[in-house]
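The structure appears right after this line, and notes come after that.
The values are calculated or read from the model by the stated rules, or taken from the named source; none is laboratory data. All figures in this text were calculated on a predicted structure; none of them were measured in a lab. Virtual Cβ from ideal backbone geometry, glycine too; neighbours counted across all protein chains shown. Side chains included, ligands, DNA and RNA excluded: accessible areas come from the protein's heavy atoms. Shrake-Rupley method; radii C 1.70, N 1.55, O 1.52, S 1.80 Å.
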Amino acid sequence: MKETCWKLFCYLVIDHRAAQAWLNRMAEDGWELVHIYFGLFARFRRTERTDLSYFLDWADPKYLETSDYLQLCSDAGWEPVQTVDYLNLYASRPGTSPAPIQTDSELEYRRFRQKALRRMALGGVIAFVVTPLILLPLLLLPSSANVSPQEIAAGLLSSSLTSSLILFCLPFWLAGGLAYLALLAGRLLRWRQAVKDGRQLPVPTSRTAGAWGNLKLLGEFSLSLMLLLLLPDALLNGAISLSNVIGLLIGCAISISLYRDNSRLFRRVLCTAGCLALLLLCILLHSPVRNAFPGRLPPSPVLADTRVINETRADTLLGSHVKWEEFFPRPDMGDSKIGYPASVTVEAQTWVSPVLADWAFGTPPSNMVAVPGRGDTWQFTGNTAEHGGYRLRRGNTLLTLSYYGDLPADPLSAALA
Amino acid sequence: MARKKLETLTEQMYYILLSLAGEPRHGYGIMQDVSQRTGGRVNIGAGTLYALLARFEEEGLIALTDTREGRKYYLFTGEGRRILRDEYDRLRRQVADGADALEKEEFS
């Protein structure tokens, strides 16, 4: 017979009664909880005990339970096992059959509102305030910069793995968040009614709790994947800001000193600092890694005798994006761009499939006119005669050239060559 | 927290104060005393007791008298005595009213 087994521990905090019931069923089948890893993977071992039971209680992650409270629970027959998310897990001591830790429904309901609900509601409000604030520039930018939402989305999908995943998952996250708030409201109404009727708080069925737990797992998986993609984005695509990461590391250092007495939060902050340090290393390694892996669209100067600056390259699973500027350096100005006679900004985007390319490129803007004799080539002029550009599509690749100043050669011919 | 909320006690609150009427007790001592006093009918959970003791102390109904080996000992105060006495009188009137009504029904 197996001595240990692993199970997924995936319950919403509000379904802690269902989680408790499940642990007690496992105990009845002769399994004792050893530890829950990463709040998800529960390890059990065989036990001969027939009197094992569990109780799950709300916890405030910011504070450890006081020693006198733990002493009282221990006197009553409950030993702390672990804290997972907003829940403290207790197991009954051998030889005892203790009363549940919480025996007053009204008090329990009020404790939930104080310890967990406010934070959950705050999290939900932040999500629904922050998300629109992130989306707002995407909505306002098109009208102010003559850029369509399509172009913005295409830019994100071809230049950042993390942004690609966020764009894909955002509708699901929003739908999941709304469904969760509705569930929370429904559960709270049922709890309030139970308190008014003097009944115990209702326990959701294992099926319902399991279904919501699976949705939670899906959400956490997508969030974990998003965080993981930050590493290749930093290493390959230079998409992460060094100053932001350094700022977050400083925040972690301050938090470490603040939470020194709270082992739970201390470990969490330490882990975050470790991940940020790894991210910082990836950012620092970006240049050498990028030079070793040019990607789908290696940039090269369009014009002769120019200096390339502000070069960015990015590759994702769906596409690639490069951008650089070329200018003619004046001997007396060194590398300074000030006062140079002319420059060209080159931007190229390529996709893995023609369907994506058709969607990303769309139809050329109205201010562009087709260049006669050259298929899939358009020209636009700026406010002055010295300002203009070209847009070329070849297969799944789109190239945009914007020039300024008196160029020695036509950039279109140079680009086609 | 408004005192008004403690003018009427729940059963668990009542027995906690009753348990602290005679002598200082710690939390588990209160739990055992209540269970014994009620023949196991009323069992107060550790978490519920802890929250109620904190509330009583905040409201001035009980006072911390000692701390030994990580256990806090409480005794009720004059205010706690008054609240307990008021609740006892209220329950006595309730029982008397019930007795009147039920006796009349028996003979009707």
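On the basis of being under 28 Å from A:F55 (Cα atoms), part of a helix (DSSP H, G or I), aliphatic (A, V, I, L, M) and without any contact (Cβ under 8 Å) to a residue 24 or more places away in the chain, does B:V34 make the cut?
Criteria met by B:V34.
Looking for something under 24 Å from A:E108 (Cα atoms) and in a helix (DSSP H, G or I) - is there at least one such residue anywhere in region B:64-75?
no
Being open to solvent by 10 Å² or more (accessible area, probe 1.4 Å), among the basic types (K, R), at negative phi and at pLDDT 95 or above, is that true of even one residue in region A:24-36?
yes
Would you mind stating whether B:G70 is at the interface with chain A (Cβ under 9 Å from one of its Cβ atoms) and farther than 22 Å from A:T103 by Cα?
Here the answer is yes, as B:G70 does meet what is asked.
Among the residues of region A:297-326, which ones are within 21 Å of A:S343 (Cα to Cα) and of a type in the set (A, V, I, L, M)?
The answer is A:L297, A:V302, A:L303, A:A304, A:V308, A:I309, A:V322.
Looking only at region B:8-30, which residues are of a type in the set (D, E, K, R) and buried (at least 18 other Cβ atoms within 10 Å of the Cβ)?
B:R25
Among the listed residues B:G47, B:G80, B:G60, identify the single one that is in contact with a helix residue (DSSP H, G or I) (Cβ under 8 Å, 6 or more places away or on another chain), facing chain A (nearest Cβ under 10 Å) and of a type outside the set (A, V, I, L, M).
Matching residue, one of B:G47, B:G80, B:G60: B:G47.
Which one is farthest from B:G47 (Cα to Cα) among residues in region A:80-122 that are outside any loop (DSSP other than H, G, I, E, B) and open to solvent by 60 Å² or more (accessible area, probe 1.4 Å)?
Within region A:80-122, the match that is farthest from B:G47 (Cα to Cα) is A:L122.
For region A:371-399, what are the residues that are among the small types (G, A, S) and either surrounded by 13 or more Cβ atoms within 10 Å (Cβ to Cβ) or within 22 Å of A:P298 (Cβ to Cβ) (or both)?
Within region A:371-399, A:G382, A:G388, A:G389, A:G395 meet the criteria.
Within region A:80-107, can you find the residues that are in contact with a strand residue (DSSP E or B) (Cβ under 8 Å, 6 or more places away or on another chain) and within 11 Å of chain B (Cβ to nearest Cβ)?
Within region A:80-107, A:N88, A:Y90, A:P98, A:P100, A:I101, A:Q102 meet the criteria.
State whether the residues of region B:15-23 include one that is closer than 23 Å to A:G77 by Cα, within 14 Å of chain A (Cβ to nearest Cβ) and in a helix (DSSP H, G or I).
yes
Restricting region B:1-14 to residues that are part of a helix (DSSP H, G or I) and more than 12 Å from chain A (Cβ to nearest Cβ), which is modelled with the highest pLDDT?
B:Y14
Please enumerate the residues belonging to region A:40-79 that are more than 19 Å from A:D261 (Cβ to Cβ), touching a helix residue (DSSP H, G or I) at 6+ places or on another chain (Cβ under 8 Å), more than 9 Å from chain B (Cβ to nearest Cβ) and open to solvent by 10 Å² or more (accessible area, probe 1.4 Å).
Answer for region A:40-79, where residues must be more than 19 Å from A:D261 (Cβ to Cβ), touching a helix residue (DSSP H, G or I) at 6+ places or on another chain (Cβ under 8 Å), more than 9 Å from chain B (Cβ to nearest Cβ) and open to solvent by 10 Å² or more (accessible area, probe 1.4 Å): A:L40, A:T47, A:R49, A:L52, A:S53, A:E79.
Kindly evaluate B:E58 against the criterion of being out of contact with any Pro (no Cβ under 8 Å at 6 or more places or on another chain), open to solvent by 60 Å² or more (accessible area, probe 1.4 Å) and modelled with pLDDT of 90 or more.
The answer is yes for B:E58.
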